[in-house]
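Asker: Can you read through this structure? Questions will come right after.
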Amino acid sequence: MDKTDIKSLTADEIAEELSALGEKTFRAVQIFEWLHAKQVSSFDEMTNISKALREKLDNKFYISSPYILQKLSSHKDGTVKYLFDIGGNTIIESVFMPYNYGNSVCVSSQAGCRMGCSFCASTVDGLERNLLAGEIAGQVYQIQSDTGKRISNVVIMGSGEPLDNYDNVLNFIKIINSDKGMGIGMRHITLSTCGIVDKIYKLMELRLQITLAISLHAPNDDIRRSIMPVANRYPIDELICAAKKYADVTKRRVTYEYALIRGVNDSRENAVELAGRLHGSMCHVNLIPVNDVKENNYIRSSEENIKAFASVLDDNGIEVTVRRRLGSDINAACGQLRKRYKDNRGV
Ligand code: SAH
């Protein structure tokens, strides 16, 4: 029988497992604390659990633990990029970002991605596999332990489409939020999606206080379809409508991410159209100067264009910021490190 990753289970799920093993369920919280507060990597370290139970657990479960393969530190801004081996030759990347309001980790939710956005390095080789909740949490724990700095924010914005790995990502959010583990507040968690509309509605029902970020990247369906295949499944108006309802129900402002690509989506006309589409939404637009990716020929918009684009939105009453480009000296953007490592190693 294949073993289950116990680190991917919530405390309630561990309790169910214990009761199936004929054990006392109050032990679930103790085990959860070992895994997610003390962050041990073996059952033997769980010293308040009897040896007999530790053996039982060891027979049925394992504890996933990403191993640091490579680490690159930016000399410009303190960003650290991690490449992890999570076993079976599966490689993922995560980023540590120090901000003045707290330290943040950007986690991957999948190894690779099947969404096919044309500007993104994570999707070039397709989806390798979904990550388990414990493997997503492990990225945060390893980075906290390696940097020695408390992590207060988590962004699910690394490789992969989190809403294409819905159940595991949801368990991750519950686990990282639990006060028996790291206790990261819901408002300190951001989930970024390319816009899988039915899953946005499903998430909305849970009324979590997390921030929803939507990768919009275009003011209309024509442009969006030319760079994001997911736009063929969900028209932009349906996506924006879902985002508006999400904001209404959760009372949380939605963030739209918009990567500016020269000559593709960065004209004044594009900005005017976007402003019109978002008019009346409780939202915030984050403009991202696109990062170069070897596999495509996209060029970042000029500084003047970025400023002009931002002012059109601002003049139309839409809140807008331009993302700082962290870690630009270490390939910290969007799946580039994993891709380069895999290419060099031929894995
Ligand atoms: N699949 C999710 C999360 C991963 S991508 C999503 O689509 O949101 C995280 C963010 O990085 C997205 O906004 C994505 O569009 C953006 N991104 C990907 N490649 C990029 C690039 N080359 N330059 C700038 N932003 C990029």
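The values are calculated or read from the model by the stated rules, or taken from the named source; none is laboratory data. Note that the structure is a prediction, hence the values are computed from the model and not measured. Reconstructed Cβ throughout: ideal geometry from the backbone, glycine too, with neighbour counts over all protein chains shown. We work out accessible area using only protein heavy atoms, side chains counted, and drop any ligands, DNA or RNA first. Shrake-Rupley method; radii C 1.70, N 1.55, O 1.52, S 1.80 Å.
Asker: For the range 26-75, give me each residue that is aromatic (F, W, Y) and surrounded by 17 or more Cβ atoms within 10 Å (Cβ to Cβ).
Answerer: Within the range 26-75, F32, W34, F43, F61, Y62 meet the criteria.
Asker: Looking only at residues in the range 99-124 that are under 14 Å from Q144 (Cα atoms) and within 11 Å of the ligand (Cβ to nearest atom), which one is most open to solvent (accessible area, probe 1.4 Å)?
Answerer: Applying the filter and picking the extreme gives C106.
Asker: Residue check: is S8 under 16 Å from I176 (Cβ atoms), buried (at least 21 other Cβ atoms within 10 Å of the Cβ) and in the same structural domain as T147 (by TED's automatic domain parsing)?
Answerer: no
Asker: Any residue in the range 84-98 that's open to solvent by 30 Å² or more (accessible area, probe 1.4 Å): show its pairings with residues that are not in a strand (DSSP E or B) at Cβ separation under 8 Å, as long as the two are six or more apart or on different chains.
Answerer: Partner pairs satisfying both residue conditions: D85/P66; G87/S64; N89/V347; P98/D77; P98/G78; P98/T79; P98/K149.
Asker: Restricting to the range 197-216, what's the tally of residues that are assigned to a loop (DSSP other than H, G, I, E, B) and open to solvent by 10 Å² or more (accessible area, probe 1.4 Å)?
Answerer: Final tally of qualifying residues: 4.
Asker: Here is a check on your reading of the model: is L127 more than 12 Å from the ligand (Cβ to nearest atom), at pLDDT 95 or above, open to solvent by 10 Å² or more (accessible area, probe 1.4 Å) and of a type outside the set (S, T, Y)?
Answerer: In short, no.
Asker: Do we have N177 as over 22 Å from L216 (Cβ atoms), in contact (Cβ under 8 Å) with a residue 60 or more places away in the chain and not basic (K, R) here?
Answerer: no
Asker: Given (1) more than 12 Å from the ligand (Cβ to nearest atom); (2) closer than 30 Å to F309 by Cβ; (3) of a type in the set (G, A, S), where does A213 come up short, assuming only one miss?
Answerer: Against the list (1) more than 12 Å from the ligand (Cβ to nearest atom); (2) closer than 30 Å to F309 by Cβ; (3) of a type in the set (G, A, S), A213 comes up short only on (1).
Asker: Only residues in the range 184-209 that are farther than 15 Å from A243 by Cβ count as the first member; pair them with residues that are in a strand (DSSP E or B) and open to solvent by less than 10 Å² (accessible area, probe 1.4 Å), Cβ under 6 angstrom, at least 6 apart or cross-chain, and list the lot.
Answerer: Qualifying pairs under 6 Å: I184/V154; I189/V154.
Asker: What are the pairs, 6+ residues apart or on separate chains, where a residue within the range 126-140 that is farther than 21 Å from D343 by Cβ and of a type in the set (V, I, T) has its Cβ under 8 Å from a residue that is in a helix (DSSP H, G or I) and open to solvent by less than 10 Å² (accessible area, probe 1.4 Å)?
Answerer: What qualifies is I136/V169; I136/F172; V140/I176.
Asker: Still on this structure: Which one is farthest from the chain's Cα centre (by Cα) among residues in the range 242-270 that are hydrophobic (A, V, I, L, M, F, W, C), over 13 Å from H217 (Cβ atoms) and crowded, with 19+ Cβ neighbours inside 10 Å?
Answerer: A242
Asker: Among the residues of the range 137-160 satisfying the criterion of being under 12 Å from the mean Cα position of the chain (by Cα) and open to solvent by 10 Å² or more (accessible area, probe 1.4 Å), which is nearest to the ligand (Cβ to nearest atom)?
Answerer: Out of the qualifying residues, it is M157.
Asker: Looking only at the range 286-309, count every residue that is more than 15 Å from the ligand (Cβ to nearest atom) and touching a helix residue (DSSP H, G or I) at 6+ places or on another chain (Cβ under 8 Å) and tell me the total.
Answerer: 1
Asker: Hey, another quick one. Can you pull out the residues in the range 277-287 that are open to solvent by 40 Å² or more (accessible area, probe 1.4 Å) and out of contact with any Pro (no Cβ under 8 Å at 6 or more places or on another chain)?
Answerer: H279, G280, M282, listed by residue number.
Asker: Any residue at all in the range 15-25 that is surrounded by 19 or more Cβ atoms within 10 Å (Cβ to Cβ), under 26 Å from the mean Cα position of the chain (by Cα) and closer than 20 Å to I175 by Cα?
Answerer: The answer is no, given that none of the residues of the range 15-25 is surrounded by 19 or more Cβ atoms within 10 Å (Cβ to Cβ), under 26 Å from the mean Cα position of the chain (by Cα) and closer than 20 Å to I175 by Cα.
Asker: Could you count how many residues in the range 288-320 are among the hydroxyl-bearing types (S, T, Y) and surrounded by 14 or more Cβ atoms within 10 Å (Cβ to Cβ)?
Answerer: Residues flagged as among the hydroxyl-bearing types (S, T, Y) and surrounded by 14 or more Cβ atoms within 10 Å (Cβ to Cβ) within the range 288-320 amount to 2.
Asker: State whether one or more residues within the range 220-239 are within 20 Å of T321 (Cβ to Cβ) and out of contact with any Pro (no Cβ under 7 Å at 6 or more places or on another chain).
Answerer: no
Asker: List, please: which pairs have Cβ atoms under 9 Å, are six or more places apart or on different chains, and start with a residue in the range 298-323 that is closer than 23 Å to C120 by Cβ and end with one that is polar (S, T, N, Q) and assigned to a strand (DSSP E or B)?
Answerer: A310/T321; V320/N286; T321/N286; V322/N286; R323/N286
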